[in-house]
Structure formats: C-alpha cells, structure tokens
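Have a look at the structure below, then the notes.
The values are calculated or read from the model by the stated rules, or taken from the named source; none is laboratory data. Every value quoted in this text rests on a predicted model; they were computed, and no experiment measured them. Glycine gets a Cβ as well: all are built from the backbone with ideal geometry, and neighbour counts include every protein chain shown.
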Amino acid sequence: MKHSTSNTLSYENCRSSEMCSVCEITLLVLVLNQQGDNKKMEDAKCYLTLPYTKVEMEEKEVPSGKSLHHLANFTPNKDSTKDSFQIATLICSTKLTQNVDLLGLLNWRSNSQNIAHNLRKLMEVEGGEIVKFLQDTLDALFNIMMEMSENETYDFLVFDALVFIISLIGDIKFQHFNPVLETYIYKHFSATLAYTDLQTGIFVACMTAILRQMDDYHYNHYINTFKTRQDIIDFLMETFIMFKDLIGKNVYASDWMVMNMMQSRVFLRAVNQFTSVLNRFFLDQTNFELQLWNNYFHLAVAFLTHESLQLETFSQAKRSKIIKKYGDMRKEIGFKIRDMWYNLGPHKIKFIPAMVGPILEVTLVPEPELRKATIPIFFDMMQCEYNFSGNRNFHMFENELITRLDQEVEGGRGDEQYKILLEKLLLEHCRKHKYLSASGEKFAWLVSSLLENLLDYRTIMHDESKENRMSCTVNVLNFYKEKKREDIYIRYLYKLRDLHTDCENFTEAAYTLLLHAELLQMWEKAIQLSKELADMYENKVFDYEGLSNVLKKRATFYENIMKAMRPQPEYFAVGYYGQGFPSFLRNKIFIYRGKEYERREDFNLKLLTQFPSAEKMTSTAPPGEEIKSSPKQYVQCFIVKPVMNLPPNYKDKPVPEQILNYYRANEVQQFTHSRPFRKGEKDPENEFAVSPSVLVPAASVVCAICKLPCILKWFEVRQISTISPLENAIETMELTNEKISNIVQQHVWDRSLPVHPLSMLLNGIVDPAVMGGYTNYEKAFFTEKYLQEHPEDQDKIELLKQLIALQMPLLAEGIRIHGEKLTEQLKPLHDRLTACFKELKKKVEKQYGVITLPPSLTERKPSRSGSVVLPYIMSSTLRRLSVTSVASSVVSTSSTSSDISL
C-alpha cells in the first residue's frame, strides 16, 4: 500500500504555529476493496473501527504480539495485496489565499521583479477571492506605493488596482463587505494616512483615473459634444467650483505624497485644457463671461497655494524627488495665471480690486522665478485703473493691496527678499511710464516702508519684551493713521490696548481707547442730545452764549453727516448648538455687532478662542436634532445684513443717501441672510454631478430682542422667518433699483464724485453675461410649470416682472450721467454700456412692457450749488410705482417708444 500526501504553500509571513491555530484541515480517506468480503465490508463497524496509522496499530496490539480480536474476521487475501491507493490531503484556509496571482502580490517583497506583472494580474482575480483577503491586499498595495515611489509605473498600476477594488466593493454581490472596508479605513488605514472621507476619496480616485486617461483629443471631443454655449458655461462653472472644493478638502493626507502629486498633476493638466476653452469661446467683447473667468482665477490660485505643493516645507531629499518626478507645478500654473491675466485686455478693469488679494497670494509664494513673473501684474493693475477710472489714479488697487498685505504678512507670509524684489520691480516699471513715474514711485516706496514695518512687527511679536512690541505696534498704527486707513488703524489700536492691559498700564490703555473714541461718528445721537441741551440753555437757564456754542457744534454734526465718510460695521449671526454649552447659550442664536472694519476671520477666531473645544460648522443651514442633542459644542457663524428701519418722518420722502447711511447699520432690529436654493433635481448619489438645476437665493429674516447698537454688542434672536426665493428675488430687485436711484442722485448732487463706481454698477447690470441677473429668475419662476405648482404666486411674479421693467428708465438715467462725465479712456466702456443697454432694454420691453416714471419723480430740483437733484426714490415708492404702472403706464410691446429719459 502506498500513501502520499500533498498540500499547498502559504505566503511568507505565516509561521507554522500560526497555521496550526488558524487552519482548518480536512482528511478524506477513500478505502477501495474490490476483492475482499463485500458482505462484511457493508457493515461500517467492520472498517471504521480499524486503525488507520502504523502508530495506532502498534498501540492497540496485545502484549503477546497477536492482533486484536476484532481483526480476526478481516484478513487481506492474496488478491487484495495487489491493490493500492493514494491518500491526498488538501489544506483549505480562510486566512491564506490559494490563488497564485493574488499570492504573488501578497509576497511582493520576495518577488520584487514581478510586481508590475502581479499588479496587472490582480485585475483578473475572481472578486470573491479578493474580498476574502481585502485587508492584506490593500496593505500590500499601499506598501508598494509608499516603498516603491521611485518607479512611476507602479504608481499608476497601484492606482488602477485601487480603483478596481473600490469598484468591486461597490458591486451588489459584494456590498456586504462594505463594513470590512470601513473597518480597514478607520482602524488600519486612517491611523497612518489620515484618510477622512471614503465617499469623496472614491469619487476623486475614479475621476482622477478617468482624467489621467484623457489626451488632447478626448478633451476637444468632449467640449464639442455640448450643443449650446450655455452648456459649456454650465460645465466649466461646475467643474471649476468642484475642483476648488476638492482642493480645499485635502482628500489625501499631507504625508501621502504620491497620491497628492498625482491628483495635482492630473488636475493641472485638466485646468490647462480648460484655459484654451476660455480663450476660444469666452474672451472676445461680446462673449466674455466674467464669473467664469473669476472662478478660473480663484481655482488656479487655490491650486498654486495648496500646502501639498509648497516644496519649501519638505526635506531636501523629498523636495528633489518631487521636482525630478513632477517638477514645480506652482511655476507652471503661476505662469499660466500671468498669461491669462494679460489675455484679458480691456476686461482687466472688471477684476480690480477683487483680484488684487489672490495675485498677492501668488507673488508671496517663496519661489524666485514665480515672484519675478507675477509681481509685474501689480503694475499692470495700477496702469489699468489709472487709464479706466476717469480720475487718473489707482486708489482702489492701492487700498486693497495695503489691506491684503497687512493680512498676509501678519499671517506669516512674506520676507525680506520679497520686500526687496517688490520694491525693485515696481520702481523699474513705474519709472518707465509716462504718467505713473511720480505717483507710482511714491507708491512703491510706501509699500516698501509698510512691508518693513510689518515684518518688524511680526518678528518682534515673539519677543519677550512687551515694551519692544509696543514700540513696533505704534510704528505700524502711525503708518496707517498717516495713510488715513482707519480700519487697520483701529485694529492696531486695540492690539496696543491689549499690550498695555497685560502690563497693567491702565492709564496708557485708556489713552489708546480715547484715540478710537475720537473717531466715533454717532452724530445723529449727538444732535438729539444737543437739542435737549439747547432747550435748557434757551428756555430754562437763559444762557445764550452756551446756546450759541451748542448750535455751532450741532451745525458741525449736520455737516459731518453730509460730507464725512463713515465705516459701517458687519453684523454676525452666531448659533451655539449642543448640550456642551451652558443653558443661556445652548441651542440659541445671537446677533453680534462687529467692530468697525472687523473681518469675519478675526471675529471667528475670537469666537473659537472663547470656546476652544467647539467645532465650527461649515453649513449655514439650521442644524438637526442630532447636533442639538449632542454632548459636544458646535458653533455656527455667518454674516447677516441689517434691514433699514427709518423714522416715520423720513418715509416716502426724498431723503439724501448720506442721511440714510446711518440707518443702514444703526437702530436696526431685523436682519436677513441669503443662501443658495437649488431649484431642480439634484443627484442624491453624487453631490458633484452637473445637473440642469437653477440656483436662486432664498432668505431668512431674523429679529433680535433689542435694537443694535445697545448696552451689549449682541442680543438673542427672538424670531426667525423664511422668505421664499420668489419674495427674495422681488426684494433684491427693489434694492437694486434703489441702489441705481441712489448713485444717480449722488452724482447729480456732487459732480466731483469719481465715475468708476457708477461704471461698475452699470456694467454689472447691463453686461450680457449678467443681463441684469434676470436669467435665473426666468428659469426659476417665469415658467408654466412653476405657475401650475404655485398658482398663488401669480401676483408676485407679475410684480417681479414690473420691477425688472422699472429698472430700464433708472438705468437710462445712469447711462446718461455716465455719458456726461465721459473721458477719452472711458469712451470704449461707455460705448459698450450703451450698446449692451440697448439690447437689454429691447429684450425687457418686449417681454415685460415699458414703464415711464411719473413727472413727480423725474423733475429735477435745484441744489445749493445750482445743479439739479434727482429725488431719492425709496424701494417702497418704487414698488407702488411698479404696481400702479401695471394698470396705467405699461405700453404694449408694439409701442414705438424706444427712448426713456428722466
């Protein structure tokens, strides 16, 4: 009788002792006895009790050496000894794979020459085998990626394998393995690679894999599949927003270098493809898309400044490895930003001052070639504003650069080399310019001086000597005082106050606060008090000399109201959610009045400093019960806009804008907040899916317990009501019409006002890319489907249409004034505004009719200077006017009237 056994191999890390404990071994013995006594063998007891090993046979023999009694009845005969059989054992493991291809991948360290082959073969392994050994397979893939990062071939193969496995788990056959994958992510994978969001990771992995396979032909072919120009706009808009969102999410941890670099390289190639689409379709005068270009620039800057690309933060070895394999992608996208900026041509003025900050972020990246290439954009902005502002200056650019430079340097960016290079390049360009040589050189020295002070301040803030810190703070605040930048000046006053308080210099702290008190501009309250004082002097104590002084002072207050510029503070809504807060805050919302010029970032920082264990909520939507009942602390903060509450004697009267400005931010109790409302179907499986839905703003109105300002800088919200998107659209149109009326009035009142704000307002409304903002309203509300679903909104829809029609005569007046203040540099812009308005007016009058303002509102009244003043038109007046016009003043679309003048 021959006996042989066979068994399969285990992979390298399994010890024999471990096999014994985890392997389940089954031994099947088949005994074939063709020649024996079949009758006896039919009785199972005759053979199942027989020994099956030599050792057992010897143990069961009697001391005399004779066989056991029960063997007597079974004696092998002559023929049976000629028969033979083999016994084979098969080890079947729930821990160790029997698949040769998968086993080769798991043993990759001992078979490094076959890594590429095994990675390719993994795609052919049966899915059930992979999911049984999911953790071991993923460990092997990530170890190959991290340890063999020198070979780019492995990167792509591993990436393909990961996409294959993730897709496999998504199959309905293997969906019950999702908990296994989640356990791996949170217990094995996230501990080392800080992987935070599986769903986003899957999306990014799949998208990156697809984009990596696309070449120029695929991109061009895909763009050509869009049927309309609007389809391309929608696609690019969604894509730019999605890319920027994904960059901000930090899908992969900072130490997962290969995946970060691969994602960046693929994204960069895609963005560069889309820049050619921007240049081809959306750059010329008639097809320019402002918001699309704006989204591109912000995406490009977010990409360039992303932490994973800042090579200075890596070791020299890692930096060299990245540059060798991927290059410095910051330079590539930075040079593209520069080229795209110069491609804008006459459209550049539309991005000033909004793009000053983002370009500053680019120039502050400590890469010499990048700085040299992008700093000249500042000079281009200066001469662009100089040529198009109408006032032959670059004040908007100057103010924005100073503001953003202060923020960036305080945040840790900028160095001495940057100061030297910025000064050098600005001076070189300005001195060559015919008109900017003097003012530009002065500005270059000013920025250099500011940078020197800011860098000193930043350095000394880590000094143990508070006296030194006070001295540097005074230097900075004096600089801003001299430049009349009260917003930044006040911030540094309070920094100085804090330093004095820490040192118990209470007298000096009081004097510091007195500097701020001198800037306060509550003249309306002062006038009320002066009236009470005047009454006492005149009618009770008969002090005419004192009365004279009070009246002179009051006259100054009135003059200040009309002439002085007053900063308006921001208001913030803050919600404290969760059981971790004390009862007087828990699950309540408060309205806070910010300080003058206080930034939202500073307010948020102050808030979170007060509650260091609180988690900041990123959504402005009301939280659910899960958050409210949580033992944690959640803080929600967003900006709200105050609703003006005019005194009764001001209502429906031609009140100058300067007087109204006080009531826009003071004595307010109601506040509004708008957030996007998506009208249409959204793909529940993919938040990034492009859909034909329309984004229109909805609004909430909150009412505080007390009017602000008051004895506290905050008060609890008493009531919250929601305004529908349609009602919000009506209110937005009313406010826009009111804004046009206001700025027209200001220009008629004061002919010396700069024309640039009027230019920007008009352009932002009549530009074909904006079309007054009516397009979304038309898609959302002016449809048969909406009317069928909301028949009760018929009157509101008609009102919105009339408000749109009412905007035409207001715009006509604005363009007329713009033409009167025309300069040679502004002529191309004015010609474009006139042409665009003509098209817009034609479209609106055809769809919504013609409205003519009544003579009582169009007649001009003489001002003190002899000019004429257009009466201020309140939104309530405009609303009544539009309603009245529905019945009386709407001319049919066949009307020959084409020119409306006020």
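Can you confirm whether the stretch 455-463 contains a residue that is over 22 Å from E400 (Cα atoms), hydroxyl-bearing (S, T, Y) and out of contact with any helix residue (DSSP H, G or I) (no Cβ under 8 Å at 6 or more places or on another chain)? Yes: one or more hits. Taken together, N279, N250 contain a single residue that is under 15 Å from N343 (Cα atoms), surrounded by fewer than 20 Cβ atoms within 10 Å (Cβ to Cβ) and either in contact (Cβ under 8 Å) with a residue 60 or more places away in the chain or of a type outside the set (F, W, Y) (or both), which is N279. The criterion of being touching a residue at least 60 places away in the same chain (Cβ under 8 Å), of a type outside the set (A, V, I, L, M), surrounded by 18 or more Cβ atoms within 10 Å (Cβ to Cβ) and part of a helix (DSSP H, G or I) does not hold for S308.
Count of the stretch 732-764 residues, restricted to those that are out of contact with any helix residue (DSSP H, G or I) (no Cβ under 6 Å at 6 or more places or on another chain) and part of a loop (DSSP other than H, G, I, E, B), is 5. The helices (runs of 4 or more DSSP H) located wholly in the stretch 578-673 that include 1 or more residues which are without any contact (Cβ under 8 Å) to a residue 60 or more places away in the chain and farther than 26 Å from P709 by Cβ occupy 625-628.
Restricting V668, V655, V640 to residues that are buried (at least 17 other Cβ atoms within 10 Å of the Cβ), within 24 Å of E596 (Cβ to Cβ) and out of contact with any strand residue (DSSP E or B) (no Cβ under 9 Å at 6 or more places or on another chain) narrows the list to V655. If I filter the stretch 765-782 for residues that are among the β-branched types (V, I, T), modelled with pLDDT of 85 or more and in contact with a Cys (Cβ under 6 Å, 6 or more places away or on another chain), do I get at least one hit? For the stretch 765-782, residues among the β-branched types (V, I, T), modelled with pLDDT of 85 or more and in contact with a Cys (Cβ under 6 Å, 6 or more places away or on another chain): present. Against the criterion of being within 20 Å of the chain's Cα centre (by Cα), farther than 30 Å from E486 by Cβ and not polar (S, T, N, Q), E626 does not qualify.
Scanning the stretch 536-554 turns up one or more residues that are at pLDDT 90 or above and within 21 Å of L660 (Cβ to Cβ).
The set of residues from the stretch 279-299 being hydroxyl-bearing (S, T, Y) and modelled with pLDDT of 95 or more comprises just one member, Y296. Looking at the stretch 674-694 only, could you name the residues that are of a type outside the set (S, T, N, Q), modelled with pLDDT of 50 or more and assigned to a strand (DSSP E or B)? Passing the criteria: R675, P676, F677, R678, K679. Kindly evaluate L311 against the criterion of being at pLDDT below 95 and touching an Asp or Glu at 6+ places or on another chain (Cβ under 7 Å). The answer is yes for L311. Within the stretch 518-527, is there a residue that is over 30 Å from P656 (Cα atoms) and exposed (fewer than 13 other Cβ atoms within 10 Å of the Cβ)? No, the stretch 518-527 has no match at all.
In the stretch 586-628, of all residues being among the β-branched types (V, I, T) and modelled with pLDDT under 90, the one that is nearest to E410 (Cα to Cα) corresponds to T609.
Every listed requirement among (1) part of a helix (DSSP H, G or I); (2) surrounded by fewer than 19 Cβ atoms within 10 Å (Cβ to Cβ) is met by A729 save one, (2). Pairing residues of the stretch 493-513 that are of a type in the set (S, T, N, Q) with residues that are buried (at least 18 other Cβ atoms within 10 Å of the Cβ) and assigned to a helix (DSSP H, G or I), at Cβ distances under 7 Å and at least 6 apart in sequence or on separate chains, gives T501/A509; T512/L493; T512/L496; T512/R497; T512/H500. The helices (runs of 4 or more DSSP H) found wholly in the stretch 177-265 and carrying at least 3 residues that are at pLDDT 85 or above and within 16 Å of F159 (Cβ to Cβ) occupy 198-213.
Being without any contact (Cβ under 8 Å) to a residue 12 or more places away in the chain, out of contact with any strand residue (DSSP E or B) (no Cβ under 7 Å at 6 or more places or on another chain) and of a type outside the set (D, E) is the requirement here; does P754 meet it? When the stated conditions are applied, P754 does not pass them.
Scanning the stretch 414-462 for residues that are of a type in the set (V, I, T) and more than 20 Å from T363 (Cβ to Cβ), which turns out surrounded by the most Cβ atoms within 10 Å (Cβ to Cβ)? Among residues in the stretch 414-462 that are of a type in the set (V, I, T) and more than 20 Å from T363 (Cβ to Cβ), the one surrounded by the most Cβ atoms within 10 Å (Cβ to Cβ) is I460. Taking the stretch 335-367 as the range and being among the small types (G, A, S) and part of a helix (DSSP H, G or I) as the test, the residues that pass are G345, G357. Counting the residues of the stretch 282-301 that are crowded, with 19+ Cβ neighbours inside 10 Å and part of a helix (DSSP H, G or I) gives 8. In this structure, S856 does not qualify as surrounded by fewer than 21 Cβ atoms within 10 Å (Cβ to Cβ), within 38 Å of the chain's Cα centre (by Cα) and modelled with pLDDT under 90.
For the stretch 579-590, the criterion of being in the same structural domain as K641 (by TED's automatic domain parsing), buried (at least 18 other Cβ atoms within 10 Å of the Cβ) and either acidic (D, E) or more than 25 Å from A665 (Cβ to Cβ) (or both) is met by at least one residue.
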